[in-house]
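Peer 1: Sharing a structure here in structure tokens format.
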Amino acid sequence: MVSRRVFVGTAVAAAAKPDEGWKTLTAPEAGLLEAVCDQVVPEDDTPGAKQAGVIHYIDRQLAGPLLRFRESYRQGLPLLDQAARKLLGSPFLDLGAGERTALLERVERGEAGPEAAAFFRLVIHHTLQGYYGSPSHGGNRGEASWRMLGIEKHMHEGHQ
Amino acid sequence: MTRPPIDAVVIGAGAGGGVVAHQLANAGLRVALLERGRDQQFHETRHDELRSQRTTVLGNAFGPDDSHTRLVQLGEDAEFRRVVASDGAYGNVAACVGGGTKSFGAMAWRFMEQDFRMRSTYGAVAGSTLEDWPLTYQDLEPFYERAEWEIGVSGRGGANPFEAPRRKGYPMPPLPLGREATVLMQGAWKLGWHPFPIPMAINSVPYMGRPGCVMCPHCVGFACEVKAKSSTADTVIPRAVATGNCELRTQCTAKEVLLDSQGRARAVAYFEGRTLVEQPCRLVVVSASATESARLLLNSRSKLFPNGLGNRYDWVGRNLQGHAYAGAYGLFGRDLWDGLGPAARVALCDFNHGNTGLVGGAMLANEFIRLPYLFASGIRPPGVPAWGRKHKEFMRANYKREAGVQGPVQEMPRWENRVYLDPKEKDEFGIPILRLQGKRHENDFVVAKAMVQKATQWLRAAGAHTVWPKMPGKGVNGGQHQAGTCRMGVDAKTSVVNKYCQLHDVDNVFVVDGSVLVTNGGFNPSLTILAVAYWASAYMARNFKAGGRTG
């Protein structure tokens, strides 16, 4: 028999291992996170977070300068999914776009608890970084945000 | 390991240390200029907003890295929180050759006469250690001039009617205003105020071997691609090295100042990489920033100074000050953004002093270019959400139509606001890490509110249709404008150094950086630090002649 202690440890270790194609995230985590990011910057007549590859910014930086937030993602993403089940009765990814927005507004107001609200604030900031920062960090593909703002010609990395 | 004796060790190659090293080397002294960071070049960091000195979310572009931590008390009754070096609460100034001047916004202000005489001008302020400087504007005026001409400042002498008398104008004309500053200039005129182009330590035309500014939008927070920014890394430090008398030693972290049996400094102990080195010398200049200079003195303990060098009366690390930035943002009905840096181009000093019923004030200026993430993460009027469709629409509609006006409100110094050594925890070199503690004085918020009102008036007069306030936070401020921790004064019991930046207790140790500023003015402090460095260097050069006995 595997003791409960060992079993839990194995489960955490398994969950912490990134799936192929990702540096830090599992495929289920990436799926959920990408949907949340796309709420922070949704697609309209210009690209949203998904098209701009924001998920790759977060995945990559969690293996680098943002390493200290890795555990926040491990614990925070399930909180958002639990909030969806509790407040709207479905997993997050089963919700329609309008329902996702409504859910995250309730999370932001603290209806799913302070931890979920704090985690969502973190995702907002990381999404905005990935969307509006330099493409060299993995997000802002095709300089999507700079084109949207009409400043792409000014944002080059330098003349030299 | 012990190195051969030299004349002087200067610790920290920033604004103060760069000037002192050059002046001492010029006077013929053999100088080692120690810098814990590297001599960084533009291509290492380029124009990356997320790793700039202003937006450090992916780390400090100019050091130190996130292996450095401090314990910071955010609010007077709050728990101490561990913060990494790229966290704003850490209170970082750059750790590289040039220090803060490598990536600063480069506003080059002279303090006003009253800024040196705050206690005499306003009287005692309850809960504050507000005091006069032991030197006056008149003492410092020739050294301001020297800084402007040797570093390179562009501006229009006489354009600011509130400025104290100056003997000489600037070496270069001001940079062009740009669209936003032009609109704001007109708004200020409507109010009968006195706007003028901001003096900048940026070449507007080629000067002393460096080119003029190319007006790129990546100015504040970045190294300058063409070296038009007048960093000490590109001006006085190379000149110091060129004398043949100054050796720049990078990636060298000072540990402590060592004393002889008479209580005079005999050497500096520092790490060259990982190796502990002793550098004998007859003069030590500590120029490591207000937080780190205090840390070095506090870590230099001996029989004579069991609580740290120069700390007989518990004043080292006290009176930590920054600026309580306050102002307003406004949205306009047309594009103001023209993509031209540095964008911060217009200021006025109508409200630095003489505000009825107020103690102090601030210079007000328009903001540097707001880069996209900084704008997206923090600039929006009340009612606009922080995310989602409406936020994206707000960004698209207003990114080019926003202007900000704010000013560095002069903080009332508090003895309780301080840095001190953690009793247990040490960094990778075994040097105790810092704790930061304190809160802003209530007067800072009174003045901040008044500055918000003035900024709001200004933006409205310039045509803004929506205006909202920016108020400072409550916690202690040890950021890029950090000052005050080794106060200059006449009385050894209530200050750390005399008016020449010399420790009251040890005649061959000087502190030359923001630490010595008694009060921090309602201005960005770099030109004042440079001027104080020229002033103190002149004294050192007179009293520590070349060819004297060393070691």
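Read-outs throughout are calculated quantities, based only on the coordinates presented, and are distinct from any laboratory measurement. Just so you know, these numbers come straight off a predicted model, no measurement behind them. Please note: Cβ atoms are built from the backbone with ideal geometry, for glycine as well, and neighbour counts cover all protein chains shown.
Peer 1: Ranked by Cβ crowding within 10 angstrom, fewest neighbours first, how are B:Arg146, B:Arg389 ordered? Mind showing how you got there, number by number?
Peer 2: Working: B:Arg146 19, B:Arg389 16.
The most exposed by this proxy come first: B:Arg389, B:Arg146.
Peer 1: Here's another thing I want to ask about it. Among B:393-401, B:343-351, how do they line up by average Cβ neighbours within 10 Å per residue, starting with the highest?
Peer 2: Working: B:393-401: 17.2, B:343-351: 24.6.
Descending mean neighbour count gives B:343-351, B:393-401.
Peer 1: Next up: Calculate one ³J(HN,Hα) per residue across segment B:382-389 by plugging θ = phi - 60° into the Karplus curve 6.51 cos²θ - 1.76 cosθ + 1.60, and present them in order as whole Hz with x for glycine and proline.
Peer 2: 3J(HN,Hα) across segment B:382-389, in whole Hz: x, x, 8, x, 7, 7, x, 4.
Peer 1: In straight Cα distance, which aspartates and glutamates are under 12 Å from B:Lys392, not counting same-chain residues fewer than 8 positions off?
Peer 2: A:Asp38, A:Glu43, A:Asp44, A:Asp45
Peer 1: What does segment B:296-352 give for Rg and for Dmax, in Å, if only its C-alpha atoms count?
Peer 2: 22.7, 67
Peer 1: Inside 10 Å of the C-beta atoms of B:217-230, what's the mean count of C-beta atoms belonging to other chains?
Peer 2: Details: counts 3, 5, 0, 0, 0, 1, 1, 0, 4, 3, 0, 0, 0, 0.
Mean number of neighbouring Cβ atoms from other chains: 1.
Peer 1: Counting only other chains, what is the mean number of Cβ atoms within 10 angstrom of the Cβ of each residue in peptide A:124-136?
Peer 2: Average per residue, whole number: 6.
Peer 1: Taking the convex hull of the alpha carbon atoms in chain A, what volume per residue do you get, in Å³? Let's see the in-between values first.
Peer 2: Details: hull volume 22.2 nm³, N = 160.
Per-residue hull volume (Cα only) is 139 Å³.
Peer 1: For segment B:348-458, with the dipole built from +1 on Lys and Arg beta-carbon atoms and -1 on Asp and Glu ones, taken about the Cα centre, which of B:Ala397, B:Gly360, B:Cys349 lies farthest toward the positive end?
Peer 2: It is B:Ala397, whose Cα lies furthest towards the positive end.
Peer 1: Taking H as built 1.01 Å from N, whose amide H comes closer than 5 Å to the amide H of B:Phe271, not counting residues under 5 places away?
Peer 2: B:Thr253, B:Ala254, B:Lys255, B:Val277
Peer 1: Okay, next question. Could you order peptides B:48-56, B:274-282 by the average number of other Cβ atoms within 10 Å of their residues, highest first?
Peer 2: Highest to lowest by the protection proxy: B:48-56, B:274-282.
Peer 1: Still on this structure: Taking just the C-alpha trace of segment B:114-242, give me its Rg and Dmax in Å.
Peer 2: 17.7, 51
Peer 1: By average Cβ neighbour count within 10 Å, what is the ranking of B:196-206, B:15-25 from highest down?
Peer 2: On the way: B:196-206: 23.1, B:15-25: 30.3.
The packing order, highest mean first, is B:15-25, B:196-206.
Peer 1: Can you give the Rg to Rh ratio for chain B, taking only C-alpha atoms and Rh from Kirkwood?
Peer 2: Working: Rg = 22.3 Å, Rh = 23.4 Å.
So for chain B, dividing Rg by the Kirkwood Rh gives 0.95.
Peer 1: Mind checking A:60-69 for the average number of partner chain beta-carbons within 10 Å of each residue's beta-carbon?
Peer 2: Values: counts 0, 3, 0, 0, 2, 10, 3, 1, 3, 0.
That average works out to 2.
Peer 1: So for B:Ser300, B:Ser515, fewest C-beta neighbours within 10 Å to most, what's the order? Provide the component values of the computation, followed by the final result.
Peer 2: On the way: B:Ser300 26, B:Ser515 32.
Result, fewest neighbours first: B:Ser300, B:Ser515.
Peer 1: Here is a further query. Which of B:Leu371, A:Leu66 comes first, and how do the rest follow, when ranked by fewest Cβ neighbours within 10 Å?
Peer 2: On the way: B:Leu371 24, A:Leu66 21.
With the sparsest Cβ surroundings first, the list reads A:Leu66, B:Leu371.
Peer 1: Placing +1 at every Lys and Arg Cβ and -1 at every Asp and Glu Cβ, with all other atoms neutral, what dipole size does chain A have around its Cα centre, in debye to the nearest 20? Intermediate results must be reported in sequence, preceding the final value.
Peer 2: On the way: 18 positive and 20 negative charges, 137 e Å.
Here chain A has a charge dipole of around 660 debye.
Peer 1: Cross-link list B:Lys255/B:Lys493; A:Lys50/B:Lys390; A:Lys153/B:Lys227: which exceed 20 angstrom alpha carbon to alpha carbon?
Peer 2: Values: B:Lys255/B:Lys493 26 Å; A:Lys50/B:Lys390 17 Å; A:Lys153/B:Lys227 22 Å.
Checking Cα-Cα distances, B:Lys255/B:Lys493; A:Lys153/B:Lys227 exceed 20 Å.
Peer 1: Most mobile of A:Leu88, A:Leu103, A:Leu79 per a Gaussian network model of chain A (Cα springs, under 10 Å)?
Peer 2: In the Gaussian network model the winner is A:Leu88.
Peer 1: Separate question: Counting C-alpha atoms alone, how compact is the protein assembly as shown: give Rg to one decimal and Dmax as a whole number, in angstrom.
Peer 2: For the protein assembly as shown, the Cα-based Rg and Dmax read 26.1, 88 Å.
Peer 1: Then there's this: For segment B:42-101 and segment B:335-397, what is the centre-to-centre distance using only Cα atoms, to the nearest Å?
Peer 2: Distance between centres, Cα-based: 22 Å.
Peer 1: Let me ask something additional. For segment A:35-78 and segment A:92-124, compute the distance between their C-alpha centroids and round to whole Å.
Peer 2: 14 Å
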